[in-house]
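The values are calculated or read from the model by the stated rules, or taken from the named source; none is laboratory data. Since we're looking at a predicted model, the values are computed, not measured. Heads up, the Cβs are rebuilt from the backbone with ideal geometry, glycines too, and the neighbour counts pull from every protein chain shown. In case anyone asks, the SASA skips ligands and DNA or RNA and just uses the protein heavy atoms, side chains included. Shrake-Rupley method; radii C 1.70, N 1.55, O 1.52, S 1.80 Å.
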Amino acid sequence: MTYSLPELPYDYSALEPHISARIMELHHSKHHKAYVDGANNALAGMAEARETGNFANINRLEKDLAFHLGGHVNHSIFWTNLAPGAGGTPEGDVAAAIDEFFGSFDAFKAHFQAASLGIQGSGWGILSWDPVGSRLIVQQLFDQQANTAQGTVPILQLDMWEHAFYLDYQNVKADYVTAFWNIVNWENVAKRFEAARANAGASLLV
Ligand code: MN
């Protein structure tokens, strides 16, 4: 199998009271697992299509791969973007970049929050590095794979699917987003920012 479910870097209960152990367990062991299985199944279906020369299902398989691989990547990033006892404000270069491209940390937070809460349907709020403009941008990702530009590199993601918050927050999405800021692992965001800024443009702009 090409893709596998990563271990969480903390216990299911570690993010309480902001995200409950019950949500974390279902979200990781059921939802994320389903994306991993779906991506592997799509690859297997494509291999079979090549072997048999029957590409009748290729549109469905390509869509399945985008959706499920998207889900696998999104959740793998999201888990490491979070940590128990984290939160606060970013430091160093990523903090300076947020100030540069959004005006201030508070302005970034307001922008990211509005974009996340405004998603129509299921999706993700994302802070990304855009290697073409050499800048940070906020994106709304629809479902697991739509509405973002090729080559942008996510450094902070917030899952706005109902499965991510409904058991804890029901329809009050804003409380979930407020709680999210208490568990953002800014060290991980900083690491992802440095790596994106150093490498992202290299493969895109040859
Ligand atoms: Mn999810």
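Using Cα atoms only, what is the angle between the long axis of helix 105-117 and the major principal axis of the chain, expressed in degrees (0 to 90) to the nearest 10?
Roughly 40 degrees between the two axes.
Could you work out how far apart the two model spin labels at Ala195 and Val132 are, taking each label as a point 7 Å from the Cα in the direction of the beta carbon, and quote it in nm?
Each label point is offset 7 Å from its Cα along the Cβ direction, giving 2.4 nm.
Tilt of helix 58-81 relative to the longest C-alpha principal axis of the chain, in degrees (0 to 90, nearest 10)?
Approximately 30 degrees, to the nearest 10.
For the pair Gln120 and Tyr166, what calculated FRET efficiency results from E = 1/(1 + (r/R0)^6), where r is the Cβ-Cβ distance and R0 = 22 Å, to the nearest 0.05?
It comes to 0.85.
Would you kindly derive the ³J(HN,Hα) couplings of the stretch 160-170 from the backbone phi angles with the Karplus curve 6.51 cos²θ - 1.76 cosθ + 1.60 (θ = phi - 60°), listing them in order in whole Hz, with x for Gly and Pro?
10, 5, 4, 4, 7, 9, 4, 4, 8, 10, 6
Where only protein heavy atoms count, and the probe is 1.4 Å, what is the accessible area per residue for the stretch 21-81 in Å²?
With all protein chains present, the stretch 21-81 gives 50 Å² per residue.
Let a ≥ b ≥ c be the square roots of the eigenvalues of the Cα gyration tensor of the stretch 92-199; is it rounded (a/c under 1.5), or, if not, prolate (a/b larger than b/c) or oblate?
In terms of gyration-tensor shape, prolate.
Between 0 and 90 degrees, rounded to the nearest ten: what's the tilt of helix 33-52 against the longest Cα principal axis of the chain?
30 degrees
Does the chain classify as rounded, prolate or oblate by the C-alpha gyration tensor (a ≥ b ≥ c root eigenvalues; a/c under 1.5 gives rounded; else a/b over b/c gives prolate, otherwise oblate)?
oblate
Express the relative contact order of the stretch 76-141 as a whole percentage, based on alpha carbon pairs under 8 Å and six or more residues apart in sequence.
23 percent
Suppose the chain between Ala202 and Asn147 were pulled fully straight at 0.36 nm per residue; how much longer would it get relative to their current alpha carbon spacing?
So the extension gain works out to 17.5 nm.
Run through the stretch 10-72 and list the chymotrypsin sites (Phe, Trp or Tyr not before Pro) located in a DSSP loop whose Cβ has at most 12 other Cβ atoms within 10 Å.
Taking the stretch 10-72 and a limit of 12 other Cβ atoms within 10 Å, the loop chymotrypsin sites (Phe, Trp or Tyr not before Pro) found are Phe55.
Relative contact order (percent) for the stretch 92-199, with alpha-carbon contacts under 8 angstrom and 6 or more residues of separation?
Contact order relative to length: 26 percent.
How much length is gained on full extension from Lys30 to Glu48, taking 0.36 nm per residue of separation minus their Cα-Cα distance?
3.8 nm
So, with +1 on the Cβ of K and R and -1 on the Cβ of D and E, and no other charges, what is the size of the charge dipole of the chain about its Cα centre, to the nearest 20 debye?
Taking the Cα centre of the chain as origin, the dipole is about 340 debye.
Under 22 Å between alpha carbons: how many lysine pairs meet that in the chain, if sequence neighbours fewer than 8 apart on the same chain are excluded?
Lysine pairs meeting the criterion: 5.
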